[in-house]
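Working notes for the structure below.
The values are calculated or read from the model by the stated rules, or taken from the named source; none is laboratory data. The structure presented is a predicted model; accordingly, all values stated were derived computationally and were not measured. Cβ placement follows ideal geometry from the backbone for every residue including glycine, while neighbour counts extend to all protein chains displayed. SASA here: full protein model, heavy atoms, side chains in, ligands and nucleic acids out. Shrake-Rupley method; radii C 1.70, N 1.55, O 1.52, S 1.80 Å.
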Amino acid sequence: MAVHRPDSSAALAEAVADCVEARRTMAIRGAGTTDIVIDADAVIDLAVHRGIVDYDPDELVVAARSGTPLAEIEALLASRRQMLAFDPVDPRAIGGGAPGGATIGGVVASGNAGPRRVSAGAARDHLLGFTAVSGRGEAFKAGGRVVKNVTGFDLAKLFAGSWGTLGVLDTVTLRVLPAPRFEATLIVPCDCAEAGGIMAAALRHAVAVSCAAWSDGRVLLRIDGFRPSVDARFDQLAKMVDRPGIERADGVDSARLWTGVRTVEAIPATAALWRVGLPTMRGAAFAEAMMGEGFRVLIDWGGARVWLGGDDDGDGGAGVVHARAVASGGHARLVRAAPAVRARAAPPPPDAATAMLYRRLREAFDPHGLFNPGLDPWER
Amino acid sequence: MRMPEPDQSTLDRRAAIVAAMRRIVPGEGVIDSLDELRAYDCDGLTAYRQTPLVVVLPDTTEQVAAVLRWCSAEGVKVVPRGAGTSLSGGALPLADGVLLGLGKFKSILEIDPDNRAAVVQPGVTNLAISEAASGYGLYYAPDPSSQIACTIGGNVAENSGGVHCLKYGLTTHNLLGIELVLMSGEIVRVGGKGLERPGYDLLGLITGSEGLLGVVTEVTVRLLPAPEAVRALLIAFDDVAAAGQCVTDVIARGIVPAGMEIMDRPAIHAAEAFLEIGYPLDAEALLIIEVDGPEAECALLVDEITRIARNCGATMVQQSTCDEDCERFWAGRKAAFPAIGRISPDYYCVDGTIPRRCLPEMLRDMREMARRHGLRVANVFHAGDGNLHPLILYDANREGEFENAEALGAEILTRCVELGGVLTGEHGVGVEKRDLMPAMFTSVDLDQQQRVKCALDPALLLNPGKMFPTLRRCAELGREHVHHGQTRFPGLPRF
């Protein structure tokens, strides 16, 4: 299998165009932090297509080549007390592993988002523009480098979460935001059944909770911003929640708790890992039912995301996960599992009209079906 | 402005088309008398007018689907319309097209406080959502200045903004789901009351697609807790660059205000002459900064911003102490358009975005351009996110002056793109900026966007003539591209 390692926009366009001309299928690879295996004629490996091409803290914008490590961007932003507000996570760090050098292209293409998504949005909400090479071998751009932009179709939304099936990202331009100067977390002991109501009440309140999660018998509610504001809001929140046993974690202790949520520490690394998107108020009841089925659970986004850990054999619990997710109005996807488990874990397909749209959109960018063959964003 | 040539065979079939529409939408829902059709001649961009072939006002999703299915089968064009407040001609009718009005979709179906969501029909006004949610302490964040009249369906189509985008985003950041009818008549539901949607982000694609990809028949929006307090500051500078620097310094301090607005000298004078609110007439720039959130936070931020403003050389800083102050600070800005309307027979509102720091340079260039065109320009500016609204003053009764104003607008927008900005920040491309698209995109970029159009509407029947400067048939866009001017691997079979 031919491996292309472009190190410039021109080399990337050339490599893809060559494959397109020869009708060679391509596996698009960043740092390889997921367990995706693609059977293709060639690999477009973006690991050396790296570098920040523009960081403008005053304009709240950063642009980087797609192979740039997430960690490099986050370190640069942190040096100016800024952040990617969608709170991305290196997939290798999930379950307590060492970060695997996740690339910004991979982060965008996988629609990555951490606990802060409930208040700040996902990668799709922060991708202002991009350049890419299509399945016709053509380099093109979409969007821009400003937030307020309605010029043409919003192709950035399509590319965020497209898993490399529409084009090969060349550079991405992302919005950045000031990092909060201080944070505190309210820890509320409660069982799963009560968690949904407590999180909903907090998220509805004007104290502006930025993250809300539950695992192992406690709800975590984060408040961040300037210190005096955090203190005043924390007291308001604590008064509203008003339950015995509540505790407060400040600063690094608070941040530590949210690293735990972001990396799904509540679920052992050996489990088959599922993430389930649900209507917010269905999350806690779904999680409770799944605990009854023997799964480990972590509720994030106030209930709109539930992580499940099941046995990493057989179908990984796919039968019950999909049945219960669909019954709750949700959709489950397998994040990490043994290949044999993954082969049996596909979610039920979308309805016919939606499936037709997905197929046509994919063909609009990749008419010959050359990018990441066999990979379906619906299943990821 | 050239629109697609009307199709004579469609014009000839008008009676049959009207009859077919009446079969689908009975009663008052089909309008075909010339007098009544005239009410739909234009939207908020009144310079362009066209009487539609027929107006259809369905009130169920099934009727919308049936209208689109019939038009699809018969090859009849369709232009969707909400409240008709578009400033870019997004709802400009076609002589040979059905105008599909969503005005009867007026119900707020559900306010769901625990999921922080509202499910509404597309004809509900933007403001009505916040009013319905207010009893629960919630509101819908995007607030385009036409929010009293514009509908959420139109907001979805145009990805509408407002003055609070820096902190709260545009429409696209505040939606959870839609029901969409494709040109084929198929009905697709996207998203719901959660945050994640599997598969390609159709919701994100449809938002801001200007009625070219589908017709939205239901919208689920995200609601936010209403802030406990809102405070504003009114800050004057004797130099526009200093006002721009103040905005930059506020952000550099880690503060994301709800809104930051700059008015230039002509806009200040027009507003003051109109309302007499006490704006300083010797100022070159007036900066309004609004912060919202918990009381404790607002008090802190107001003091911090005051300190930053003084460091930037502000000649005046007023802090609001009550809601009335807040309203007074904003009054002149919110009345900027009517205020300009008072000092000029007509005005043309331009909408581009630039990197914030280019503001002084842009204003300088704009003065020079305006002088060359012999026109006056007043500026209001969403400074937080770089969205510029130059108001070009002109007199439509003078021969050629509208064309002159339009030419100046095009020059300003082209300059926005040169400075690293974009052609439209919130008003949309529509017909107004359609022919400027090549200033920002190459033909390859535009072809790729058009292929997305082809994926959803292969016969190009939905709102054609908008957004794209050249209409290219989908079959033409599917042709093989030639690499490096020659086909490599010539031995490979081509299909």
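At a glance:
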quantity: Rounded to the nearest 20 debye, dipole of the protein assembly as shown from Cβ charges on Lys, Arg, Asp, Glu; calculated: 1420 debye
quantity: Per residue value of the accessible surface for the protein assembly as shown (all protein chains in place, 1.4 Å probe), Å²; calculated: 35 Å²
quantity: Amide H within-cut-off set for B:GLY44, under 5 Å, with H built and near neighbours excluded; calculated: B:THR85, B:SER86, B:GLY89
quantity: J(HN,Hα) series, segment A:276-292, from Karplus relation 6.51 cos²θ - 1.76 cosθ + 1.60, nearest Hz, glycine and proline x; calculated: 10, x, 9, x, 3, 7, 8, x, 5, 5, 4, 4, 5, 4, 6, 4, x
quantity: Calculated P(r) tail over 27 Å for segment B:107-255, as whole % of Cα pairs; calculated: 30 percent
quantity: Listed residues B:LEU301, B:LEU286, B:CYS326: farthest to the positive end of the dipole of segment B:283-357 (Cβ charges); calculated: B:LEU286
quantity: Residue list for segment A:1-33, given a label point 7 angstrom along the Cα-to-Cβ vector of A:ALA47 and an amide N cut-off under 16 Å; calculated: A:1-8, A:27-33
quantity: Partner chain coverage, peptide A:346-359 - average Cβ within 10 angstrom; calculated: 4
quantity: Share, in percent, of DSSP beta bridges within chain B that are antiparallel, nearest 5; calculated: 85 percent
quantity: Antiparallel %, DSSP beta bridges [both residues in the protein assembly as shown], to 5; calculated: 85 percent
quantity: Distant-in-sequence amide H partners of B:LEU176 (H built 1.01 Å from N, under 5 Å); calculated: B:THR220, B:VAL221, B:ARG222
quantity: Share of carbon and sulfur in the accessible heavy-atom surface of the protein assembly as shown [1.4 Å probe, %]; calculated: 51 percent
quantity: Helix-derived mean residue ellipticity, 222 nm - over chain A, DSSP H n ≥ 4, -39500 (n - 2.57), to 500; calculated: -9000 deg cm²/dmol
quantity: Selection of trypsin sites (Lys or Arg not before Pro), segment B:33-96, meeting DSSP coil and at most 11 other Cβ within 10 Å; calculated: none
quantity: Cα-centred dipole magnitude for chain B, charges only on beta-carbon of K, R (+1) and D, E (-1), debye, nearest 20; calculated: 1380 debye
quantity: Segment B:THR321-B:ARG22, length gained on full extension (0.36 nm per residue, minus Cα span); calculated: 101.9 nm
quantity: Cα centroid separation - segment A:173-245 against segment A:74-118, whole Å; calculated: 21 Å
quantity: Residue mean of other protein chain beta carbons inside 10 Å, A:362-369; calculated: 3
quantity: Ranked by how many other beta carbons lie within 10 Å on average, peptides B:428-439, B:367-378 from highest; calculated: B:428-439, B:367-378
quantity: 5 angstrom amide H check on B:SER184, placed H, neighbours 5+ away; calculated: none
quantity: Filter on A:LYS148/B:LYS433; B:LYS167/B:LYS453; B:LYS106/B:LYS433 - keep pairs with C-alpha separation over 25 Å; calculated: B:LYS167/B:LYS453; B:LYS106/B:LYS433
quantity: Vicinal HN-Hα couplings computed from phi for segment B:341-350 (Karplus, 6.51 cos²θ - 1.76 cosθ + 1.60; Hz; Gly/Pro x); calculated: x, 7, 9, 9, x, 9, 9, 10, 8, 9
quantity: Surrounding net charge for A:GLU379, when Lys and Arg each add one and Asp and Glu each subtract one, Cβ distance under 10 Å; calculated: +2
quantity: Residue mean of other protein chain beta carbons inside 10 Å, B:55-63; calculated: 0
quantity: Contact order normalised by residue count of segment B:53-191, Cα under 8 Å, 6+ apart, percent; calculated: 23 percent
quantity: Listed residues A:TRP163, B:TRP70 arranged by accessible area, highest first, probe 1.4 Å; calculated: B:TRP70, A:TRP163
quantity: Contact order normalised by residue count of chain A, Cα under 8 Å, 6+ apart, percent; calculated: 17 percent
quantity: Karplus-derived HN-Hα couplings along segment B:87-101 (A = 6.51, B = -1.76, C = 1.60, θ = phi - 60°), whole Hz, x at Gly and Pro; calculated: 9, 10, x, x, 10, 4, x, 10, 4, 10, x, 6, 8, 9, x
quantity: Degrees, to the nearest 10: A:352-365 long Cα axis against longest axis of chain A; calculated: 50 degrees
quantity: Student exercise, segment B:188-232 dipole from Lys, Arg, Asp, Glu Cβ charges, in Debye to nearest 20; calculated: 120 debye
quantity: Protein-protein interface of segment B:270-319, residues with accessible area decrease of at least 40 Å², isolated chain reference, 1.4 Å probe; calculated: B:PRO294, B:ALA296, B:GLU297, B:LEU300
quantity: Signed unit charges on C-beta, dipole axis of the protein assembly as shown, positive-most listed residue B:PRO438, B:ALA407, A:ASN372; calculated: A:ASN372
quantity: Leading residue at positive end of dipole, the protein assembly as shown (Cβ point charges), from A:LEU237, B:THR248, B:CYS474; calculated: B:CYS474
quantity: Contact order relative to length of chain B, as percent, for alpha carbon pairs under 8 angstrom and 6 or more apart; calculated: 14 percent
